[in-house]
Amino acid sequence: MTVTDHFESHLASADRGNSRYSISTELYSPRLTVVRATGDLELSSRADLAQALDAALRGETVVLLDLSAVTFMYSGAACVILDAADRSAGRLEVFAPTRPARIVLDALGAVSTVADPRAA
């Protein structure tokens, strides 16, 4: 297990999301940003997810995309993740995807992008 010191934590505004999903961004240190998605990542969430990932990847931090509370994933949302991973130069890591998220990511060939702590 890796433990990261948390020097500072800033929670992004709660403007992203609705009753079916939410996407938040947390800056834990100058080296780590966590983008957390919950609920149904469907067509209506695609733009919010892209915006959150683009903003997080603007800096030089490692971006951890936490999918541990995703209940549904539309293939378009998965494509946003894959596109961001391609642009990230290895700085984007998908963490703990739920079964619905894992199925779509695996179908799109994203096995190397996904880290699942339960697989150890």
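The values are calculated or read from the model by the stated rules, or taken from the named source; none is laboratory data. Quantities reported herein were computed from a predicted structural model and do not represent experimental measurements. Cβ atoms come from the backbone with ideal geometry, glycine included; neighbour counts cover every protein chain shown. Areas reflect the complete protein model, heavy atoms only, side chains present, ligands, DNA and RNA absent. Shrake-Rupley method; radii C 1.70, N 1.55, O 1.52, S 1.80 Å.
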Out of everything in region 64-111 that is open to solvent by 70 Å² or more (accessible area, probe 1.4 Å) and of a type in the set (Lys, Arg), what residue ends up being nearest to Ser44 (Cα to Cα)? Arg99
Going through region 21-80 one residue at a time, which ones are at pLDDT below 90, part of a strand (DSSP E or B) and of a type in the set (Asp, Glu)? none
Flagged in region 22-60 as touching a Phe, Trp or Tyr at 6+ places or on another chain (Cβ under 9 Å) and open to solvent by less than 60 Å² (accessible area, probe 1.4 Å), in numbering order, are Tyr28, Ser29, Val34, Ala37, Thr38, Gly39, Asp40, Leu41, Glu42, Ser45, Asp48, Leu49
Hits in region 59-89 (condition: among the polar types (S, T, N, Q) and touching a Pro at 6+ places or on another chain (Cβ under 8 Å)): Thr61, Ser68, Thr71
